[in-house]
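Report on the structure given below.
The values are calculated or read from the model by the stated rules, or taken from the named source; none is laboratory data. Nothing here was measured: the structure is a model prediction, and the numbers come from that model. With ideal geometry, Cβ positions are generated from the backbone for all residues, glycine too; neighbour counts draw on all protein chains shown. Side chains are part of the model used for accessible areas, which takes the heavy atoms of the whole protein and leaves out ligands, DNA and RNA. Shrake-Rupley method; radii C 1.70, N 1.55, O 1.52, S 1.80 Å.
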Amino acid sequence: MLVPELASAPNWLPIHITIDGTPLKMITKTTDNMLPPAGILFGYERTLHLDTGILERSVLFRAASGNVVRIAFQRFASLHDVHVLCQRVTITAIDGDPQIQVKAFLDGNSLNITADHWRVEQAEVLATDEEIGISAATRQSGYTLGMAARLSSPYPITSSKHGLRPQFETSFTLPFQQAASFDKITAIYTSRDTDGSPLAAARAKARQAMAEGFDQLAERHIAEWDKYWDTADIQIVGDDACQLATRFTTYHVLIAAPRHDKNVSIPAKTLSGFGYKGHVFWDTELFTLPPMTLTQPEIARNLLLYRYHRLPGARHKAAANGYEGAMFPWESTDTGEETTPQWSDVQPDGSRIRIWTGDHEQHISTDIAYAVHQFWRWTGDHAFMAQYGAEIILDTAKFWGSRAEPKGDRYEISQQIGPDEYHENIDNSVFVNRMVVWHLETALQTLEWLQANAPADAARLTAALDLTPTRLDHWRDVIQRMFIPFDSEKQIHVQFPGFFEMEYIPTEKYQPRITSVQAILGHYRTIQTQVIKQADVVMLMALLGKTIGTPDGSNVEQVMQNNWDTYFPRCDHGSSLSPAMHAWVAARMGMTATAYDQFDHAAHIDLMDNKGNVRDGIHAAACGGVWQALVFGFGGLHFDESGEPALAPKLPDHWRSLSFTVNYRGEKRRFTAEHPR
Ligand code: BGC
C-alpha cells in the first residue's frame, strides 16, 4: 500500500521544435554531446502575467545551418473552464528560410518522484491527424484520467504513437521574415468530473475549445482573472517590491483553489510540486482559506465542504483512538483518513525518524472549527452554518470533550504537538489547551444560535451527535477548569510546562542561514532545546488577539508584549508558516519595523527562494499568511464594538497607503489605510 498522494497527470506541455534539423534547446553554448548538429540560444525572456495568468516565453535561436528564428510561446490553464489548457507557438524566420519541424505531444511517462501511480499497461492511446489522446487509471484509487489535444497549423499535420506518447507533427519551410503560428488546445477530465468516459469528455471538450479558438478562449480566461483581481488585489503604495510579491502570493493562492469542486482542497505546496505529497494540512484552514473567505466566499465554502464531506473519516479516526466525535487527520487526502507517513525519508546517516504529527498534532480539528466560524462571521452564510458548519464545530467539540483528561481539580491534555513541531508529545501545550477552550465556548454558542435560528437543524444535530445536557455541562466544566500554563512571576503564557528547563540557544547567533537551526543542530538535539520551529504562542495571539486572556483577566497587553519578547527570539522560523504570523502580530502590537522585516521575508519565500526549497513547490500557507499579515496585521481589519468591520492601521514608515477590498455579508467593502504624516 502506497502513502496516497496526488498523481502527476500526463504532461500536456511538450512542443519540440527543430530548425534545419537542429533541435531547439535552452543551451547557450555548444557542448560535445550536443554535436552534431548544434544551435545557439542568443536570448531568452520569460514573463508570467500575474494579471491574466498567461505565461509568455520568447527565444532567439540560431540553428547549426546559420538560419535564425524567434520563437514565442504563450500558455495558460483556463480560469474560465477548468478543463481547458491552451498553448500558442509563433515562429518567425529572422534570417534565412529555415526548414521547421514541430512535434506536439502528450506525455504519459511523467511520473511522481517516488512512485508510478498509473496503470500504464491498461492505458489507452489515441492518435489521428485531428486529435491525440491518452487515458489511464490510477493503481490504488482507480481514478481514470482522460486527456485529448488538437493542433491547429497552417501546414498539414500527421500523427503517430510512441508508447505512452501520442504525437502530432508538422513540417514546412518558413520563408524569410515570415511567421507561422500553431495552437495546441488540450482538454482534461477525470472520473471525478464525469459519469461517462473521461477520454470521451476530453475529446469533446478539445473539439469544442479548438472551434472557439485560442483568442476567444484567452478573452474569457482574462475576463475571469479581471473578476478575481477586482476583489483580491491588495495595493501597497510606496513599496514596489512588496507590491509585486503580494500579487505573486495572491496569484498562487487563487490558482490552487478549487473553484468547481467541493471535494478537494489546497495542498501544502499547492499543485506546483511534489512536497508533502499533495496532502492537506491546517495550512488550508488557518492560512490560505481566510483570504478566500474574505474575497472569494464561494471558493472558501468549497474548501470547508471538503472537510464536511470528510467527517466520516474524522469520526473513524476518533473512534479508532478511543474518543468520541470527529478528530480530523493531520494530513488529509481524498478519503479523509489519516495519511501522515509514520517515518521520514532516509536521513543522511541512513536512519529514519518517527513522525508523530499524525498521532498527536490534534489541534487541526480546532483549526477547522475556527475556519468555519470565521467564514460564518464574515459571510453571514447562515444556511451553510445550519446545514454543514455547525456539524463540524459540534462534532469536533465532542471529540475534545472526550479528549480532555480530568486531573485533580483541573483538566489537562497530554501527548500533543502544538504548531511548534520541534517539541513532540508534550503535555499541556498552551496553544492546544487555550484553543480547546475557545472551541468548546464556540460550540456552545453555535448550538444556542441554532436553537434560536434553525431549530430543526438544532434538533437534528442534538439527536445525531448526542448533545445531551450532561455532555454540554461537561463542556462548560472543561472550559472552566482547563489548565492554561501561565507563569505569574514572568507574566507570560508558558508554551508548555518544562519548556524553559531545556537548553537555551540564541537563535540570532545562527546567521546568516537559509536553513532552520534544526538543520544545523540535528533533530535529536533540537528537541531538547528552547528553539521553536514556528509561531506557537505567537500564533495563539494571532488567532485570539486580546481574548487570549490572563488568569485574573488583567494586564493582557503587557502579557502579550512579554510573550512576544520571550518567544520571538527563540523562534528559528524553521517553517515557512512562521514569518507571516509574526508579521501579523508584530504589526498589531505596533512594532512595525519588526513586522515589516518578517513580512518582507514571508512575501519573498517563493519569489526569491529564500528558504532554498521552492523546487518542492509553492508555500501555500506563507502566501495566505502574507494576505493576512497585510489585512489583519498592517491594516488591522477587525470587528468593532458594533460588530462592523473596521481598520486599525499600523503601516511601515515607508508605505504611503494600503488598500484592499473584502466581502462582508454579500457586500464589497473597500478599505484604504493611509500613513499618518
Ligand atoms: C509545518 C507545519 C505545516 C507543514 C506543511 C511543517 O513544516 O511545521 O505547520 O503544516 O509543514 O506545510
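What are the semi-axes of the equivalent ellipsoid of region 345-397, taken as the square roots of 5 times the eigenvalues of the Cα gyration tensor, listed largest first and rounded to whole Å?
On the way: eigenvalues 277, 25, 11 Å².
Taking √(5λ) for each eigenvalue gives 37, 11, 7 Å, largest first.
Extension gain ALA648-ARG354, at 0.36 nm per residue separation less the Cα-Cα distance, in nm?
101.4 nm
Just the number please: accessible area per residue for the chain, 1.4 Å probe, all protein chains included, in Å².
41
Looking at region 641-677, which GluC sites (Glu not before Pro) are DSSP coil and have at most 12 other C-beta atoms within 10 Å of their C-beta?
Answer in residue order: GLU641.
From the square roots a ≥ b ≥ c of the eigenvalues of the alpha-carbon gyration tensor of the chain, which class results: rounded (a/c under 1.5), prolate (a/b over b/c), or oblate? Show your work: numbers first, answer last.
Values: a/c = 1.92, a/b = 1.71, b/c = 1.13.
Note, shape of the chain comes out prolate.
Which pairs break 20 Å Cα to Cα here: LYS103/LYS205; LYS509/LYS611; LYS205/LYS227; LYS25/LYS103; LYS184/LYS205; LYS103/LYS161?
LYS103/LYS205; LYS205/LYS227
Classify region 310-484 as rounded, prolate or oblate, taking a ≥ b ≥ c as the square roots of the eigenvalues of its Cα gyration tensor: rounded when a/c is under 1.5, otherwise prolate if a/b is larger than b/c and oblate if not.
Prolate.
Taking the chain as the reference, fit the longest principal axis to its C-alpha atoms, fit the long axis of helix 455-464 to the helix C-alpha atoms, and give the angle between the two in degrees, 0 to 90, nearest 10.
90
So what is the relative contact order of region 509-601, in percent, for Cα pairs below 8 Å that sit 6 or more residues apart?
Taking the mean separation of contacting Cα pairs over the length of region 509-601, I get 32 percent.
State the percent of C-alpha pairs, over all pairs in region 15-195, separated by a distance greater than 24 angstrom.
For region 15-195, the fraction of Cα-Cα distances above 24 Å is 47 percent.
Pull up the cross-link candidates among the lysines for LYS317, meaning alpha carbon to alpha carbon under 30 Å and not fewer than 8 places away within one chain.
Partners within reach: LYS262, LYS269, LYS277, LYS398, LYS407, LYS533.
Quantify, in whole percent, the carbon and sulfur part of the accessible surface of the chain (1.4 Å probe; protein heavy atoms only).
Carbon-and-sulfur percentage of accessible area, whole number: 50.
State the extension gain, in nm to one decimal, for the chain segment bounded by ASP466 and TYR155, taking 0.36 nm per residue of separation less the distance between their alpha-carbons.
105.0 nm
Looking at SER657, MET502, MET327, which one has the Cα that reaches farthest to the positive end of the dipole of the chain (charges on Cβ: Lys, Arg +1; Asp, Glu -1)?
Looking along the dipole axis, the top candidate is SER657.
Quick check: pseudo-label points 7 Å beyond the Cα along Cα→Cβ at ASP195 and LEU544, how many nm apart are they?
5.0
Rounded to the nearest 10 Å², what accessible area does TRP378 show when all protein chains are kept and the probe is 1.4 Å?
10
May I ask for the net charge around ASP129, where only other residues with Cβ less than 13 Å from the Cβ of ASP129 are counted and Lys, Arg are +1 while Asp, Glu are -1?
Charge balance near ASP129 sits at -1.
To the nearest 0.05, what FRET efficiency results for ASP487 and ASN112 with a Förster distance of 41 Å applied to their C-beta separation?
Once the sixth-power term is evaluated, E becomes 0.30.
Could you point to the residue in ALA519, VAL559, ILE548 farthest towards the positive end of region 494-572's charge dipole, with +1 and -1 charges on the Cβ of Lys/Arg and Asp/Glu respectively?
ALA519
How much accessible surface area, in Å² rounded to 10, belongs to the heavy atoms of TYR596 with a 1.4 Å probe?
About 40 Å², ignoring ligands and nucleic acids.
Pop a pseudo-label 7 angstrom from the Cα along the beta-carbon direction at both ARG670 and GLU124 and give the gap in nm to one decimal.
5.2
Could you tell me the ratio Rg/Rh of region 194-244? Both radii from Cα atoms, Rh via Kirkwood.
Expressed as Rg/Rh, it is 1.27.
What accessible surface, in Å², does a 1.4 Å probe find on TYR323, ignoring ligands, DNA and RNA and rounding to the nearest 10?
About 60 Å², ignoring ligands and nucleic acids.
With the Cα gyration tensor of region 484-604 giving a ≥ b ≥ c as the square roots of its eigenvalues, does the rule (a/c under 1.5 for rounded; else a/b larger than b/c for prolate; else oblate) give rounded, prolate or oblate?
It is oblate, given that a/c is not under 1.5 and a/b is not larger than b/c.
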